[in-house]
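The values are calculated or read from the model by the stated rules, or taken from the named source; none is laboratory data. Note that the structure is a prediction, hence the values are computed from the model and not measured. Here the Cβ positions follow ideal geometry from the backbone for every residue, glycine too, while neighbour counts run over all protein chains shown. Protein only, heavy atoms only, side chains kept; ligands, DNA and RNA dropped before computing areas. Shrake-Rupley method; radii C 1.70, N 1.55, O 1.52, S 1.80 Å.
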Amino acid sequence: MSSPTLRLAALLAALVLACAVGLWVQRRNGRSRAVVAGDVLAAADLGAPLGERATFLQFSSEVCAPCRATRRVLDALVPGLDGVAHVEVDAAERLDLARRLSVVRTPTVLVLDPAGRVVTRTSGAMTPAQARAAVAPLLADALGASR
Amino acid sequence: MTTPATPSGIDPRGPRFGALVTAVVLAVTVLTGSVWLLAAQTAVFAVGAFAGIGASPYGWLFRALVRPRLAPPAELEDPRPPTFSQLVGLVVTGAGLVLALLGVGGAVVVAAAVAFVAAFLNAAFGLCLGCELYLLLARLRAPRAAAQ
């Protein structure tokens, strides 16, 4: 690659690739996707009790700055939601759980229903509105069932 | 909202500025194919990875030239994620440097282009590619680890 034209082409290709990856990840971050026939987790799997109505299961890692942002969002939101729990696990320490649930990225936040079934999955930092939207269906169900 | 758990937080704009300088240096490296420039950036990554992100020359540049002109940061950040990404940068540019010294054609340009993608993603989108790879690497390193 001694030709200057080829090197310029290499830089432009790298720039286009970086922009494409950046925009794609940015668009994906924080967006919840419904999980069909999700795995079922027990309190013993989490090492913490499940929420009565919903549980945010957050996978974090030591080298992850957006994990801290997500923790702050959930720490602020969850105490205001009755019957909702927030469980944070270190993905590197719980590789068994990370493998079982195919977690490849941190933060990944799973929402579990009262039985421990994974119902939605979100990767990347979440805004408070996105976190609220992720549990909203479970909270609506609980309200509907009690009336 | 202060988190006392982090012993010595850093201004998050420091690593972001460092990523910008890194992206510019690597872009010039790709354009010129200069092995010396790649060696210089590899040395910067080595300092950041082993002495901590705060000791990186770009961090020093940030504190001397940029931070005095900015308002105090809204919050401090854990230095471990950006320090880890310096190590990832070191592996990529270091591999390019070794291959170039062994006479592999195009090694400088390819390694600089790969590292440029990571630095640009950090500078422009705040996305730390090295940090994203951390869990995948941890999963690969311990193929069948026991629970806990």
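Looking at the stretch B:1-70, which trypsin sites (Lys or Arg not before Pro) are DSSP coil and have at most 13 other C-beta atoms within 10 Å of their C-beta? Don't skip to the answer; put the middle values down first.
Numbers: sites: B:R13, B:R16, B:R63, B:R69; in loops: none.
Filter output for the stretch B:1-70: empty list.
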(message) Given a Förster distance of 51 Å, report the FRET efficiency between A:A133 and B:L101 from their Cβ-Cβ distance, rounded to the nearest 0.05.
(response) 0.45
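If you wrap a convex hull around the alpha carbons of the stretch B:38-96, what volume per residue comes out, as a whole number of Å³?
Working: hull volume 4.5 nm³, N = 59.
Expressed per residue, the convex hull around the Cα atoms of the stretch B:38-96 is 76 Å³.
Given the Cα-Cα distance of B:S8 and B:V66 and 0.36 nm per residue of separation, how much length would full extension add, in nm?
Working: separation 58, 0.36 × 58 = 20.88 nm, distance 2.00 nm.
Net length gain for the segment: 18.9 nm.
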(request) Choose one of A:V135, A:G22, A:A125: the residue whose Cα lies farthest towards the positive end of the charge dipole of chain A (beta-carbon charges +1 Lys, Arg; -1 Asp, Glu; about the Cα centre). (result) A:G22
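Between A:A76 and A:T5, how high is the FRET efficiency from 1/(1 + (r/R0)^6) when r is the Cβ-Cβ distance and R₀ = 35 Å? Nearest 0.05. Walk me through the numbers on the way to the answer.
On the way: r = 53 Å, r/R0 = 1.52.
Efficiency for this residue pair is about 0.10.
Run through the DSSP bridge list for the stretch A:36-115 and note the antiparallel percent, rounded to the nearest 5.
Numbers: 5 of 12 bridges.
Within the stretch A:36-115, antiparallel bridges account for around 40 percent of the total.
If I compute solvent accessible area with a 1.4 Å probe over the protein chains, what percent of it on chain B is carbon and sulfur?
Working: 5420 of 7750 Å².
Summing carbon and sulfur atoms, their accessible area is 70 percent of the total for chain B.
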(request) Specify the angular offset, from 0 to 90 degrees and rounded to the nearest 10, of the alpha carbon long axis of helix A:4-28 from the longest principal axis of the alpha carbons in chain A. (result) 10 degrees
(request) May I ask what percent, to the nearest 5, of DSSP beta bridges between residues of chain A are antiparallel? (result) 65 percent
(request) Tell me, for chain A, which Cys residues have no other cysteine's C-beta sitting closer than 4.7 Å. (result) A:C19
(request) Normalise the Cα radius of gyration of the protein assembly as shown by 2.2 N^0.38 Å (N = residues in it) and let me know the number. (result) 1.13
(request) Taking 7 Å along the Cα-to-C-beta vector as the label spot, tell me the A:R100-A:A43 distance in nanometres, rounded to one decimal. (result) 1.6 nm
(request) Quick one: among A:L46, A:L74, A:L15, which has the greatest mean-square fluctuation in a GNM of chain A with alpha-carbon springs under 10 angstrom? (result) A:L15
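With +1 on each Lys and Arg Cβ and -1 on each Asp and Glu Cβ, how big is the dipole of the stretch B:44-148 about its Cα centre, in debye rounded to the nearest 20? Don't skip to the end; give the middle numbers.
On the way: 7 positive and 4 negative charges, 25 e Å.
Here the size comes out at about 120 debye.
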(message) Probe of 1.4 angstrom, ligands and nucleic acids ignored: what's the accessible area per residue over chain A, in square angstrom?
(response) 48 Å²
(message) Whole percent per 5 Å bin, from 0 to the bin with the longest distance: what is P(r) over all C-alpha pairs of the stretch B:1-121?
(response) 2, 12, 22, 22, 17, 12, 7, 4, 2, 1, 0
